[in-house]
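Undergrad: The structure that follows is given in the form of structure tokens.
The values are calculated or read from the model by the stated rules, or taken from the named source; none is laboratory data. As the structure is a computational prediction, the values presented were derived from the model and not from experiment. Heads up, the Cβs are rebuilt from the backbone with ideal geometry, glycines too, and the neighbour counts pull from every protein chain shown. What goes into the accessible areas is simple: the full protein's heavy atoms, side chains included, and nothing from ligands, DNA or RNA. Shrake-Rupley method; radii C 1.70, N 1.55, O 1.52, S 1.80 Å.
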Number of protein chains: 2
Amino acid sequence: MKPADMDAVFHALASSHRRKILDIVKSMPGSSVNDVCKYFEMSRIAVMKHLKVLEAANLVISQKSGRARELYFNAVPIQLIYDRWTTEYSKFWASHVTDIKFKAEAKRRAHERDD
Amino acid sequence: MKPADMDAVFHALASSHRRKILDIVKSMPGSSVNDVCKYFEMSRIAVMKHLKVLEAANLVISQKSGRARELYFNAVPIQLIYDRWTTEYSKFWASHVTDIKFKAEAKRRAHERDD
DNA sequence: TTCATAAGTAACTATAAGGTTACATATAAG
DNA sequence: CTTATATGTAACCTTATAGTTACTTATGAA
């Protein structure tokens, strides 16, 4: 996955509006643009712009059906980033998640009387 | 993890410059701002702004040591998002990754003669 | 054909991002 | 004390985001 693609995916995910759209499209595959609009206060144009960002990141795929556009969630980019994280960052986690757990444990013990 | 915090983390990760800074600080804990600057063409001020974004996302933590500032990578936000993904999205993956594999397989078979 | 509806495009505004240079402050070293 | 170094702050510029309204196009239905 190219850096520019990762930029697009992270950028697309960096908005609660867009994450909400993802949730909607994920749970109701084939939703139209107007269907998605019903869940928001903002204008349809604003929603379409968010959809454009999501499609640029390949997180949403669409296909025309008559005058409507059917929207589908695409998990592949998230899967790819997930894979990258669990490989590229796994070594880090292997060492530091332990630290975090240790610190959490130490903290727990320090405050044991208060619990 | 609050939506605003997720926004901050995804936004921070949506830049290859900032991901590179993360890699540097991760592999050389305690690096100073100037140390990090050595790996970039842009000005120190630009690097500091990226660091501010990373600190706002809690991905980098810093502590003063004399006139220098020591920088440390913090894995917790990534861990939290990772956990969220592997829970919130896992059901989706469970059903659709299978589809993806199926489609990939179908495609492979369709082009079998060309391989 | 006529009308209603879904989507797309254009133009505009306000704010945020990402960069710059210039200047200010704090501390280590001579 | 003086100087060099590390960081911090201010002001500015350009481009990108996120939204708006107005208009256009395409299609389904009466």
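Undergrad: Pairs only if they're at least six apart or on different chains, beta carbon under 6 angstrom, first in the range B:1-20 and in contact (Cβ under 8 Å) with a residue 12 or more places away in the chain, second open to solvent by 70 Å² or more (accessible area, probe 1.4 Å) and hydrophobic (A, V, I, L, M, F, W, C); list them, first residue then second.
TA: What qualifies is B:M1/B:L80; B:A8/B:A56.
Undergrad: While we're here: Please find, within the range A:40-80, the residue that is farthest from the other protein chains (Cβ to nearest Cβ) out of those that are away from DNA strand D (no atom under 16 Å from the Cβ) and assigned to a strand (DSSP E or B).
TA: Filtering the range A:40-80 for residues that are away from DNA strand D (no atom under 16 Å from the Cβ) and assigned to a strand (DSSP E or B), the one farthest from the other protein chains (Cβ to nearest Cβ) comes out as A:L71.
Undergrad: Of the numbered conditions (1) farther than 28 Å from B:H17 by Cβ; (2) in contact with a Ser or Thr (Cβ under 8 Å, 6 or more places away or on another chain), A:H50 satisfies every one except a single condition; which is it?
TA: Result: A:H50 fails condition (1) only.
Undergrad: From the residues in the range B:25-36 that are assigned to a helix (DSSP H, G or I) and either within 9 Å of DNA strand C (Cβ to nearest atom) or crowded, with 18+ Cβ neighbours inside 10 Å (or both), which one is farthest from the other protein chains (Cβ to nearest Cβ)? Before the answer, list the steps.
TA: Taking the range B:25-36 and keeping what is assigned to a helix (DSSP H, G or I), we get B:25-27, B:33-36.
Next cut, either within 9 Å of DNA strand C (Cβ to nearest atom) or crowded, with 18+ Cβ neighbours inside 10 Å (or both) only: B:25-26, B:36.
Values: B:V25: 11, B:K26: 6, B:V36: 17 Å.
Residue satisfying both the conditions and the ranking: B:V36.
Undergrad: May I pose another question? Could you list, in sequence order, all residues of the range A:5-18 that are open to solvent by 10 Å² or more (accessible area, probe 1.4 Å) and either in contact with a helix residue (DSSP H, G or I) (Cβ under 6 Å, 6 or more places away or on another chain) or more than 8 Å from chain B (Cβ to nearest Cβ) (or both)?
TA: A:D5, A:A8, A:A14, A:S16, A:H17, A:R18
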